[in-house]
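We did not get these values from a lab; they are worked out from the coordinates using the rules stated. Fair warning: this is a prediction, and the values are worked out from it, not measured in the lab. Every residue, glycine among them, receives a Cβ derived from its backbone with ideal geometry; neighbour counts consider all protein chains shown.
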Amino acid sequence: MGTDKVEKEAHTNLQHLVTAYDEWFTVPVSGFRPSARYKHAAEVVDGKLYVTGGSRNGRHLSDIQVFDLRAFTWSVVKPHFTGNHDKRMDDGTQEVVPASSGHSLVKWGNKLLLIAGHLKEPSDFVTVRFIDTETHNCNVVETSGKVPVARGGQSATVVGSKLIMLGGEGKLRQLFNDLHVLDLDTMTWSEVKTMQTPPAPRFDHVAAVNAERYLLVFGGSSHSTCFNDLHVLDLQTMEWSQPQIQGEVVTARAGHAGAIIEKNWYIVGGGDNRSAALDTLVLNMSKLAWSEVTSVQGRNPLASEGLSLCSATVNDEKFLVAFGGYNGNYNNEVFVLKPKPREPSRPKIFQSPAAAAAAASVTAAYAMSTSALKSLDFVNEKSATVFKVDASDALKAEKQQLESDLSEVRIENSRLKGYIDEVNNTHTELTKELLSVQGQLAAEISRCYKLEAQISEFRTRLESLNSIEHELQVLRQQKSTSEEFVGGGSQDAQGSRGVWQWIAGSSP
């Protein structure tokens, strides 16, 4: 028990629990835990993780669970319905939040908006509900305009006072790639027409907004195919594009989750119908460059589909918070990761068309800042609906973003200039060394020519010596022959004289 007490005291907050950057840590929980689930929705408000609905064993859930990121404890929210709705559940209690999965949850003031999703009792059109995080009041939000067809697995992203909903899967499994906008001030829906090529119809993708202007859409599924593409929608011109992406090649995935911290978009979980995605990715949204933060082993709850990922600030530190998911088992663990502060990436951004366009937009932004702009239309001119945004605020945000990007480019250019100067110095030194070596080589070649001439002269002398040696041998042979001839004549003379001597001696 003493050890348990020490461990509990050691993990009294996230700062003590998370001891390293870019690593996932399991948050210890004592007491009550909610049901394991996937395809739920989650959002962080004031250091508390709100989790709504989801699915488990084919059954939709309708509960609202809250995890306190400071106390490491779960609690259940029992919302108060403020309307005249009197629908009862099977156990006789009043149904305040309908059972659903594949829905979206976004913050709007002190409220959480629960949008769309697959319901236990399907409706024909998208519904919007609110949950007051202070009073726990709950009700259906009456919306007007062109309300979208009911769906689940869509993306819902807030930009200013507008909510952008893209794609999803209908109750008859039809797929969408339409774009709808909900004005959160008037609660009016409108369908927005776009230009260029939009993403293919899909669901279980993720979306995020950069610089209050660009909507980024990543991944998703079309039942038979999973995607790893990144699409960008310019919310001022309403034009889609697929810019050149830098960094690591990412695998296709659906059912993943995403969260933004500063300029970085973190992605975790999901899979491609064959295997789970084990990596945690980050996209530098200003550079459009992917990199891997960390990875987990197979069957880890973080390698699941239908999990949730939120960003949270606790005691002035930023964290990623993941919950739930399904990877063969339903999960209800809470994981946290403290992202390492990331320096500006170093890819050569001016080598891509997207980077060139970004550079050109720097000049355009300064030109626009000196002109009197009354408003910006967040819609194609051919569209019947107009999504108006505050031109001054949008321009200021864009200007700040572009100034930041320009500063990073200048830093990168300065670094490259230093590198080029270093290369030029090295080239100069190598050129001098090459000239020196060439001079030495010329001297060696001249020396070799001299040696070859000496060798030729020696060969000539050697041939002359061989001729003299031959003549000497001939003379020696002649001398030997002469000596033999002279010796033979003397012997003949002596022999004749002996014969005559014999004859003479034998005479009477």
Antiparallel bridge percentage (DSSP; both residues within segment 26-168; nearest 5): 95
Shape category assigned to segment 36-177 from the gyration tensor of Cα positions, a/c cut at 1.5: rounded
Relative contact order of segment 103-192, pairs being alpha-carbon contacts under 8 Å that are 6 or more residues apart, as %: 23
Gyration tensor verdict on segment 152-258 (Cα atoms; rounded if a/c is under 1.5, prolate if a/b is larger than b/c, oblate otherwise): oblate
Residue 140/residue 403 FRET efficiency (R0 41 Å; Cβ-Cβ; nearest 0.05): 0.40
Extension gain, residue 455 back to residue 121 (0.36 nm per residue minus Cα-Cα distance, nm): 109.6 nm
Inter-site label distance for residue 426 and residue 275 at 7 Å from Cα along Cβ, in nm: 3.7
Neighbourhood charge, 15 Å Cβ-Cβ cut-off, centred on residue 249 and excluding it, Lys, Arg +1 and Asp, Glu -1: -4
Extension gain (nm, one decimal) between residue 299 and residue 476, 0.36 nm per residue minus Cα-Cα: 53.3 nm
Net charge over other residues, Cβ less than 10 angstrom from the Cβ of residue 141 (K, R count +1; D, E count -1): +1
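Among 192-199, 25-32, 273-280, how do they line up by average Cβ neighbours within 10 Å per residue, starting with the highest?
273-280, 192-199, 25-32
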Cut-off 10 Å between beta-carbons: net charge of the residues surrounding residue 169, Lys and Arg +1, Asp and Glu -1: +3
Antiparallel bridge percentage (DSSP; both residues within segment 176-271; nearest 5): 95
Of 39/107; 171/318; 39/399; 107/340; 78/107; 120/146, those spanning more than 28 Å from alpha-carbon to alpha-carbon: 171/318; 39/399
